[in-house]
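Working notes, structure below.
Every read-out reported here was derived from the displayed coordinates using simple, explicitly stated rules and does not represent laboratory data. Please read all numbers here as calculations on a predicted model, not as lab measurements. Here Cβ is always computed from backbone atoms with ideal geometry, including for glycine, and neighbour counts include all displayed protein chains.
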Amino acid sequence: MIFFIQSLKEKNESLFWFGLICMILAVFFLILTRLTTTQVFQINAWYKPFKFALSIGIFSWTMAWYCHYLQDFNISLFNWTVILLFGFEIVYIALQAGKGQLSHFNISTPMYSFLYTMMAFAASLVTMYTAYIGILFFAQKFPDLPDYYVWAIRLGILIFVIFSFEGFVMGSRLSHTIGGPDGSEGLPLVHWSRKFGDPRVAHFIGMHALQVLPLLAYYFLKDVKTTFFVTLLYLLLAAFTLYQALSGKPLVRY
């Protein structure tokens, strides 16, 4: 772990520090879930900024590592795109949590509607930039890296992009629950609905292909064909959970 942190800082110091700040904020927000009683949809309001800060921190560190492999890539522009746009998201989500109000799906006033639109724009822009990086991974050759690892990165980015844009399924409905109201009983920590369909499950699984597939390929699979097979299974899992959500069925009902 210490070697990873040292290497990451050397590869991309800007995203290293931004990711570290996100991780620290995630811990702080998690502590606030125990110290405060402010709620949104019967759930402590600080769980949302906790999840976003953690996810953005992991994304920042992941892309810092991958982008180091690219040739002739303007890493500084990508760094500041991530830092400014995702920094805005975390700040706004935290401010709304502190007020006990929605950040996503909040169109109750013109200002909130504008800020929600800006969050969607920020996430879309970072996703499109990541898609461009995926294209570079397909276009470039990496003779010093194992083929199975490179393919896992390529496919991980592809699935990440697809299921990042799956977020518009929720955005178009102004809800993350299908078949019932937001705020129904959910699973611990993630709060995915235990009664109704929840597209956040597929969103989570698909987006974290960015980390899961390369890690599996590099440390365990060590074969191109096996990597493709496991990727197919992973994609089917994400697609099935999306189908299940759209059908109004929860991941786990109890």
Q.
If I model a spin label at residue 168 and residue 109 as a point 7 Å from the Cα along the Cα→Cβ vector, what separation in nanometres do I get?
A. 2.9
Q. What share of all Cα pairs of the range 173-254, in percent, falls into each consecutive 5 Å distance bin?
A. 3, 16, 22, 19, 13, 11, 9, 5, 1
Q: With only Lys, Arg, Asp and Glu charged, each at its Cβ (+1 for the first two, -1 for the last two), find how big the charge dipole of the chain is about the Cα centre; round to the nearest 20 debye.
A: 580
Q: Show that you can apply the helix-only estimate: for the chain, add -39,500 (n - 2.57) for every DSSP H stretch of four or more residues, divide by all residues, and state [θ] at 222 nm to the nearest 500.
A: -23000 deg cm²/dmol
Q) For the chain, what D do you get in µm² per second when you plug the Kirkwood radius from alpha-carbon pairs into Stokes-Einstein at 25 °C and 0.890 mPa s? A) 128
Q) Taking other Cβ within 10 Å of each residue's Cβ, how do 111, 63, 128, 23 sort, fewest first? A) 111, 128, 23, 63
Q. What list of ³J(HN,Hα) values in whole Hz, one per residue of the range 180-185 in order, does the Karplus curve 6.51 cos²θ - 1.76 cosθ + 1.60 (θ = phi - 60°) give from phi, with Gly and Pro shown as x?
A. x, x, 4, x, 6, 4
(Q) Loop-only trypsin sites (Lys or Arg not before Pro) in the range 89-180, please: DSSP not H, G, I, E or B, and at most 15 other Cβ atoms within 10 Å. (A) 141
(Q) Could you tell me the ratio Rg/Rh of the range 14-99? Both radii from Cα atoms, Rh via Kirkwood. (A) 1.08
Q | Contact order normalised by residue count of the chain, Cα under 8 Å, 6+ apart, percent | A | 16
Q: For the range 211-247 and the range 133-208, write down the distance between their C-alpha centroids in whole Å.
A: 12
Q) HN-Hα J couplings of the range 237-254 from phi, Karplus 6.51/-1.76/1.60, θ = phi - 60°, integer Hz, Gly and Pro as x? A) 4, 4, 5, 5, 5, 5, 4, 4, 5, 5, 7, x, 9, x, 5, 9, 10, 7
Q. Computed FRET efficiency, Cβ-Cβ of residue 175 and residue 211, R0 25 Å: what is it to the nearest 0.05?
A. 0.35
Q. For the range 97-202, with equal point scatterers placed on the C-alpha atoms only and solvent neglected, what are the log10 I(q)/I(0) values from the Debye formula at q = 0.15, 0.16 1/Å, to two decimals?
A. -0.79, -0.86
Q | Calculated from backbone phi, Karplus (6.51, -1.76, 1.60) coupling profile of the range 75-87 in Hz, x at Gly/Pro | A | 5, 4, 5, 5, 3, 6, 5, 5, 5, 6, 6, 6, x
Q) Given labels modelled 7 Å from the Cα in the Cβ direction, how far is it in nm from residue 254 to residue 24? A) 3.8
(Q) Which one, 137, 74, 238, is farthest towards the positive end of the dipole of the chain when Lys and Arg carry +1 and Asp and Glu -1 on their Cβ? (A) 238
Q | About the Cα centre, charge dipole magnitude for the range 142-254 (Lys/Arg +1, Asp/Glu -1 at Cβ), debye | A | 300
